[in-house]
Amino acid sequence: MLRRVVYTSRSIGGAGLSTVSLAHILGAGERNNRRDQITSGLVVHGDRILQALEGPANEVGRTLARVQADPRHTDVEILVDTTTTRRVTGEAIALCDDPEAFLRAVSLPCLSLMTAEVAEAFVERRLAA
Ligand SMILES: Cc1cc2nc3c(=O)[nH]c(=O)nc-3n(C[C@H](O)[C@H](O)[C@H](O)COP(=O)(O)O)c2cc1C
């Protein structure tokens, strides 16, 4: 069994995550998630962040604890926390290269309006695809 967590958060410092912060997050994510058998998808839009983390339950728990304690973002809100046998993410950490398209796909103008229902529906659609 795998654990899937989807959370939203808000980056610290005005205009969103800096390129340097993002590069560091992607670097750490690539290295650690590979080691921990975690796959993950990250959407960054303005100062809003959405991440899905999937993998062995204990590893997801450890990763989430580090991520939640990271001072580069705040207001971490867990929308989905479930067990599953199938992943919807495929890479160690994949940054969504078209956040506007992601928002259109979930019919939201802004990531801050993301709800558990919308996140769950998106996951279900990915599983059905
Ligand atoms: C929005 C966000 C997402 C992150 N995602 C991950 C992740 O998927 N995996 C990870 O190991 N660290 C992630 N981090 C970084 C961790 O908070 C932490 O800096 C890192 O795990 C420390 O790793 P290190 O001890 O190898 O440097 C993320 C941080 C932020 C702010």
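The values are calculated or read from the model by the stated rules, or taken from the named source; none is laboratory data. Given the structure is predicted, the values throughout are model-derived calculations rather than measurements. We place every Cβ from the backbone using ideal geometry, glycine too, and count neighbours over all the protein chains shown. Side chains are part of the model used for accessible areas, which takes the heavy atoms of the whole protein and leaves out ligands, DNA and RNA. Shrake-Rupley method; radii C 1.70, N 1.55, O 1.52, S 1.80 Å.
Answer yes if at least one residue in region 79-87 is touching a His at 6+ places or on another chain (Cβ under 7 Å) and modelled with pLDDT of 95 or more, and no otherwise.
Filtering region 79-87 down to residues touching a His at 6+ places or on another chain (Cβ under 7 Å) leaves none.
Scanning region 79-87 turns up no residue that is touching a His at 6+ places or on another chain (Cβ under 7 Å) and modelled with pLDDT of 95 or more.
What are the residues in region 14-24 that are free of Cβ contacts under 8 Å to residues at least 40 places away in the same chain, of a type in the set (Gly, Ala, Ser) and either exposed (fewer than 13 other Cβ atoms within 10 Å of the Cβ) or not in a loop (DSSP other than H, G, I, E, B) (or both), if any? Spell out how you get there, then give the answer.
Step one: list which residues in region 14-24 are free of Cβ contacts under 8 Å to residues at least 40 places away in the same chain, which gives 14-16, 18-20, 23-24.
Narrowing the set further to residues that are of a type in the set (Gly, Ala, Ser) leaves 14-16, 18, 23.
Across region 14-24, the qualifying residues are GLY14, ALA15, ALA23.
Any idea which of VAL76, VAL60, VAL88, VAL80 is open to solvent by less than 30 Å² (accessible area, probe 1.4 Å), in contact (Cβ under 8 Å) with a residue 24 or more places away in the chain and part of a strand (DSSP E or B)?
The unique qualifying residue is VAL80.
Kindly list, by first and then second residue, each pair from a residue in region 25-39 that is more than 15 Å from GLN51 (Cα to Cα) to a residue that is assigned to a helix (DSSP H, G or I) and more than 6 Å from the ligand (Cβ to nearest atom), limited to pairs with Cβ atoms under 6 Å and residues at least 6 apart or on different chains.
Once the first residue is more than 15 Å from GLN51 (Cα to Cα) and sits in region 25-39, its partners that are assigned to a helix (DSSP H, G or I) and more than 6 Å from the ligand (Cβ to nearest atom) give ASP36/GLU59.
Taking region 25-57, which residues are within 7 Å of the ligand (Cβ to nearest atom) and either modelled with pLDDT under 95 or open to solvent by 50 Å² or more (accessible area, probe 1.4 Å) (or both)?
ARG31
Is one or more of the residues making up region 93-105 closer than 17 Å to SER11 by Cβ, without any contact (Cβ under 8 Å) to a residue 60 or more places away in the chain and either open to solvent by 70 Å² or more (accessible area, probe 1.4 Å) or under 12 Å from the mean Cα position of the chain (by Cα) (or both)?
Scanning region 93-105 turns up at least one residue that is closer than 17 Å to SER11 by Cβ, without any contact (Cβ under 8 Å) to a residue 60 or more places away in the chain and either open to solvent by 70 Å² or more (accessible area, probe 1.4 Å) or under 12 Å from the mean Cα position of the chain (by Cα) (or both).
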